[in-house]
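The values are calculated or read from the model by the stated rules, or taken from the named source; none is laboratory data. Please read these numbers as outputs of a predicted model, since none were measured by experiment. Cβ placement follows ideal geometry from the backbone for every residue including glycine, while neighbour counts extend to all protein chains displayed.
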């Protein structure tokens, strides 16, 4: 895929992920939030919990499931901290880190609380 194709595929995958969360009653707080050297694809509030969402689009859901490195998780966590600071929220705020896997056919799966501990 070319850079432009990847970019548009990423936007389409984020749209799919956003629809999955809004169907559950989530409120979209931010899309492609940037802080420092990182970015979080979606930030939603669902049942009182902040959810930082990384969206991964690949040929298959299996390919997408193994595509987040430890370094990327660290950037996502740092960006989430930047969001909390930006919004004057406490580290005690209920939150989790999800991944939404999206395949080429538009199939999608939410993996809740996916960040390794």
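The residues of segment 72-100 that are closer than 25 Å to residue 20 by Cβ and in a loop (DSSP other than H, G, I, E, B), listed by number, are 87, 89, 93, 94.
What number of residues in segment 23-59 are more than 17 Å from residue 114 (Cβ to Cβ), in contact (Cβ under 8 Å) with a residue 12 or more places away in the chain and more than 13 Å from the chain's Cα centre (by Cα)? Residues that pass the stated criteria total 8. Entry remark, segment 32-69: residues being part of a loop (DSSP other than H, G, I, E, B) and at pLDDT below 95 number 9 in total. Out of the residues in segment 60-111 meeting the condition of being touching a residue at least 60 places away in the same chain (Cβ under 8 Å) and in contact with a strand residue (DSSP E or B) (Cβ under 6 Å, 6 or more places away or on another chain), tell me which one is surrounded by the fewest Cβ atoms within 10 Å (Cβ to Cβ). Here the answer is 110.
Total residues in segment 90-105 satisfying the condition of being farther than 17 Å from residue 14 by Cβ and touching a helix residue (DSSP H, G or I) at 6+ places or on another chain (Cβ under 8 Å): the figure is 4.
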